[in-house]
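Structure record follows, encoded as structure tokens.
The values are calculated or read from the model by the stated rules, or taken from the named source; none is laboratory data. Here the structure is a predicted model, which means the values were calculated and not measured. Glycine also receives a Cβ, built like all others from the backbone with ideal geometry; neighbour counts cover every protein chain displayed.
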Amino acid sequence: MAKIRHIALTTANPSEVAEFYKAAFDMEEVRRSDNGAVFLSDGYINLAILNHKTAAKDADVGPNGDNYNGIHHIGFKVDDLDDACEKLDSANGQSITSREGLDSMMAAPGAPRNFEMKWSGPDGVVIDISHTGWVTSS
């Protein structure tokens, strides 16, 4: 069974939003990316606070369109990426990103351990699937 391990918000100011969740819920910051995204955890589920998405630069802009503030996507840790892809395809999910190159990226020295594929479900809601998972504590 897949497990929910990742929820992503999009916002104009990831740092400010991250500070809110850290102060209000004692979430731990586990990582910041070069593009300003902040990743928090409660030790079990990762909360990714991302910059706004736009159709001009993001394949996974989602059904809410450009510059949406709020929950953008949900991520599931799966045991087997190929099996999960087959199940998503059988359930009429739509692939947004391919697996091509994913395994070689994982082997790169110093690479983060979380690698994901993006799909969409009913109503275009974006779904991440990962067989490596997301960082949940430092």
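Quick rundown of the values:
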{"read-out": "Number of positions in segment 1-36 that are buried (at least 19 other Cβ atoms within 10 Å of the Cβ) and within 16 Å of the chain's Cα centre (by Cα)", "value": "8"}
{"read-out": "Selection count, segment 2-31, where residues are closer than 22 Å to Lys77 by Cβ, among the charged types (D, E, K, R) and at pLDDT 90 or above", "value": "3"}
{"read-out": "Residue in segment 24-45 that is within 21 Å of Gly93 (Cβ to Cβ), touching a residue at least 60 places away in the same chain (Cβ under 8 Å) and not in a helix (DSSP H, G or I) present", "value": "no"}
{"read-out": "Failed condition for Asp89, given (1) within 21 Å of Lys3 (Cα to Cα); (2) assigned to a loop (DSSP other than H, G, I, E, B)", "value": "(2)"}
{"read-out": "Residues of segment 37-86 that turn out to be charged (D, E, K, R) and surrounded by 13 or more Cβ atoms within 10 Å (Cβ to Cβ), as a count", "value": "6"}
{"read-out": "Residue match in segment 32-53 (condition: under 17 Å from Arg5 (Cβ atoms) and of a type in the set (D, E, K, R))", "value": "yes"}
{"read-out": "Segment 48-68, subset of a type outside the set (Val, Ile, Thr) and in contact with a Leu (Cβ under 8 Å, 6 or more places away or on another chain), residue nearest to Glu29 (Cα to Cα)", "value": "Ala48"}
